[in-house]
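Sharing a structure below in structure tokens format, with a few things to ask.
The values are calculated or read from the model by the stated rules, or taken from the named source; none is laboratory data. Computed from a predicted model, the values in this text were never measured in an experiment. Counting neighbours? That spans all protein chains shown, and the Cβs are built from the backbone with ideal geometry, glycine included. Surface areas here come from the heavy atoms of the whole protein model, side chains and all, with no ligands, DNA or RNA. Shrake-Rupley method; radii C 1.70, N 1.55, O 1.52, S 1.80 Å.
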Amino acid sequence: MSIPSPRGDREKLITALTPQLRRLLKIRAFEHGMDIQDAAEHAIKAWYEVPDPPEVPTDKAKTWGTFLPVGEPDRFKDECGQRGVTYVQGLAQAVTLWLEAHPSPTTPLTAQPVTRVIVANQKGGVGKTFISSGIAQALAEAGKRVLLVDYDPQGHLTSELGFEELMYEDGVETLLMHMEGTAKGDIHDLLVALDQDRFGARLHLLPASDDAFLRDVSLSKVSFSEAALERALEPVEADYDVIIIDGPPSLGLNMDTALYYVRRREGELADRSGVITPVWANKASHRAFKLLSKQMDDLCAKGRIKVDYLGLVVNAYDSRRGKLVSQNREQWERSSSPSVLAVIGDLKEGREASDGEIPLLEYAPDSEHANAMRDLAKELAV
């Protein structure tokens, strides 16, 4: 089955790729001003011209799919058969050859919009706040300028980072007021910095406020409400490399504004901004994911926009919980779009850091949890 595309009709090739090669391909493609699908297409075409490439390690390869011109997936599979290699090995060889032929350029990629990511799932308790905060901390630790937006009316992110009192201050303008267009001050005045040395004053928070529960009702009265968050955050975008939104635990207009904000903007490369969804290895998460996907599809169709799914994170995984848990994890990992970026165990450090109102990377910098966040941060090639 082919799909229409600005680059012509395409067919999907589903195989597998190691997380390391996938990340390197994405980063290098961005550095050369290419979408990852274009880079994969070029890599496979170049592979055809190399008769006997060296074998590449493919341990821990995960399901991965890409769209190629009509007929190319079958051609690739036929060529793998003639060479006596698996599809996974063939793709790994192609990507490796392409990476070797396309080193990081000395001149950075020309301007792209600020990277915008929403960590979204209307199902509560799956780890949206944990993932949002952890990725933001890891990016700031690595030298990026990061803004964390607590877009959840419950304010868990604000509380867990030690700023709960800010949610209830009197006489202070709020994000909602800036979205409505009633604010008179500068939105920069709402931001607070995390003062830990490891973040180098590069990690800022836009706290939740107690009027956020009214957002759906208030935005229904705003003209072109889907763009309300974008209008509010536009004045701060130039100050950051990445803006991460801790999404609301609900579907509706509040979610639409956040999804619209992370849409692919004109001239922006694919899979640079978009949605990351934390899930559990259970049936309820599969149902919740379908509801969120439908809302995204409806918004894209209505607004004629494209929102990229950056991937899934299977959170709080514990195989000791039984066979069904393992089966649900395997079901997630068989998905090629969106793919699973990480499986994070049910570990104590995240809970302890939250309870102590200390950033995870400050509380337990060498923990498995902290390193998982650093790995996830690498997925955001900026």
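Looking at the range 83-98, can you tell me whether even one residue there is surrounded by fewer than 24 Cβ atoms within 10 Å (Cβ to Cβ), more than 27 Å from Asp256 (Cα to Cα), charged (D, E, K, R) and modelled with pLDDT of 95 or more?
Yes; the residues of the range 83-98 include at least one that is surrounded by fewer than 24 Cβ atoms within 10 Å (Cβ to Cβ), more than 27 Å from Asp256 (Cα to Cα), charged (D, E, K, R) and modelled with pLDDT of 95 or more.
Among the residues of the range 109-143, count how many are charged (D, E, K, R) and assigned to a loop (DSSP other than H, G, I, E, B).
Qualifying residue count, the range 109-143: 1.
For the subset of the range 268-310 comprising residues that are more than 13 Å from Met255 (Cβ to Cβ), among the small types (Gly, Ala, Ser) and within 18 Å of the chain's Cα centre (by Cα), which member is surrounded by the fewest Cβ atoms within 10 Å (Cβ to Cβ)?
That would be Ala270.
Check whether at least one residue in the range 191-198 is buried (at least 18 other Cβ atoms within 10 Å of the Cβ), touching a residue at least 24 places away in the same chain (Cβ under 8 Å), within 21 Å of the chain's Cα centre (by Cα) and within 14 Å of Leu147 (Cβ to Cβ), and report yes or no.
no
Quick one: how many residues across the range 361-376 are out of contact with any Asp or Glu (no Cβ under 8 Å at 6 or more places or on another chain) and open to solvent by 10 Å² or more (accessible area, probe 1.4 Å)?
Within the range 361-376, residues that are out of contact with any Asp or Glu (no Cβ under 8 Å at 6 or more places or on another chain) and open to solvent by 10 Å² or more (accessible area, probe 1.4 Å) number 6.
Here are some conditions: (1) within 22 Å of Gly162 (Cβ to Cβ); (2) open to solvent by 30 Å² or more (accessible area, probe 1.4 Å). Asp216 meets all but one. Which one does it not meet?
All conditions are met except number (1).
How about the range 334-360: which of its residues are in a strand (DSSP E or B), open to solvent by less than 40 Å² (accessible area, probe 1.4 Å) and closer than 30 Å to Glu11 by Cβ?
The answer is Val340, Leu341, Ala342.
Does Arg287 satisfy being closer than 30 Å to Arg329 by Cα and in a helix (DSSP H, G or I)?
Considered against the rule, which asks whether it is closer than 30 Å to Arg329 by Cα and in a helix (DSSP H, G or I), Arg287 comes out as yes.
Kindly indicate which of Thr129, Thr174, Thr106, Thr115 is free of Cβ contacts under 8 Å to residues at least 60 places away in the same chain and either closer than 30 Å to His286 by Cα or open to solvent by less than 20 Å² (accessible area, probe 1.4 Å) (or both).
So the residue among Thr129, Thr174, Thr106, Thr115 that is free of Cβ contacts under 8 Å to residues at least 60 places away in the same chain and either closer than 30 Å to His286 by Cα or open to solvent by less than 20 Å² (accessible area, probe 1.4 Å) (or both) is Thr174.
Continuing with the same structure: Of all residues in the range 57-82, which are surrounded by fewer than 12 Cβ atoms within 10 Å (Cβ to Cβ) and under 28 Å from Ala342 (Cα atoms)?
Asp59, Lys60
Another question, if that's okay. I need a count of the residues in the range 144-158 that are open to solvent by 30 Å² or more (accessible area, probe 1.4 Å) and either touching a strand residue (DSSP E or B) at 6+ places or on another chain (Cβ under 7 Å) or over 17 Å from Asp195 (Cβ atoms) (or both).
3
Also, quick follow-up: Among Asp366, Asp375, Asp355, which is the only one that is within 23 Å of Lys123 (Cα to Cα) and among the charged types (D, E, K, R)?
After ruling out the rest, the residue left standing is Asp355.
Something else about it: Can you pull out the residues in the range 345-382 that are in contact with a His (Cβ under 7 Å, 6 or more places away or on another chain) and modelled with pLDDT under 95?
Leu347, Glu349, Gly350 - these are the residues of the range 345-382 that are in contact with a His (Cβ under 7 Å, 6 or more places away or on another chain) and modelled with pLDDT under 95.
Could you look through the range 18-36, keep only residues that are out of contact with any Lys or Arg (no Cβ under 7 Å at 6 or more places or on another chain) and closer than 15 Å to Gln93 by Cβ, and pick out the one that is most open to solvent (accessible area, probe 1.4 Å)?
Gln20
Identify the residue in the range 37-56 that is aliphatic (A, V, I, L, M) and out of contact with any Phe, Trp or Tyr (no Cβ under 7 Å at 6 or more places or on another chain) and, among all such residues, is least open to solvent (accessible area, probe 1.4 Å).
Looking at residues that are aliphatic (A, V, I, L, M) and out of contact with any Phe, Trp or Tyr (no Cβ under 7 Å at 6 or more places or on another chain), I get Ala40.
Here is a follow-up. Just checking, which of Glu141, Glu180 is farther than 19 Å from Pro249 by Cα, open to solvent by 50 Å² or more (accessible area, probe 1.4 Å) and touching a Lys or Arg at 6+ places or on another chain (Cβ under 7 Å)?
Glu141
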